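One structure is given here, and the rest of the page talks about it.
Every number here is computed from the coordinates shown, using simple stated rules; none is lab data. Model, not experiment: these values are computed from the prediction. In this analysis, Cβ positions are derived from the backbone assuming ideal geometry, glycine residues included, and neighbour counts consider all displayed protein chains.
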Amino acid sequence: MLESVFIVMLAIAFVLFILAVENRSQIYCMMSLILWLIILAQSLWIEVPRDTEYTEYVLSAASLMFIFANLVLVFVFQFDWRKRMP
């Protein structure tokens, strides 16, 4: 159950990132950023009930990559010099 929620969060965060790039939307970008931050916090210490506990380093690194990409996109969308108001 918990694994499926985690996988769905990964899928939604990735889809929101793609939508943010495609639509140039700050809203999608910020929602994706929040989800990637939650995924990063959850991947630092993963506990399988009644089985084992471990840290997932690859998922943490991927989350950091998407967080950095989202932050860059937010700044690019905010300070886009081509959309200046006359």
**Message:** Nearest 10 degrees is fine. How inclined is helix 57-78 to the longest principal axis of the chain, computing both from alpha carbons?
**Reply:** 20
**Prompt:** Normalised by the residues of the chain, what does the relative contact order come to in percent, with Cα pairs under 8 Å and at least six apart?
**Reply:** 27
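Hey, got the dipole for the chain? About the Cα centre, +1 on K and R Cβ, -1 on D and E Cβ, debye to the nearest 20? Please report the intermediate quantities before stating the final value.
On the way: 5 positive and 7 negative charges, 135 e Å.
It works out to roughly 640 debye.
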**Item:** Options F68, Q26, S43, ranked by Cα towards positive dipole end of the stretch 2-81, top entry (Cβ charges)
**Value:** Q26
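Return one quarter of the surface area of the convex hull spanned by the alpha-carbon atoms of the chain, equal to its mean projected area, in nm².
Details: hull surface 23.7 nm².
Computing the convex hull of the Cα atoms and averaging its projections yields 5.9 nm².
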**Simple spin-label estimate for V76 and E3 in nanometres, 7 Å along Cα-Cβ** = 3.5
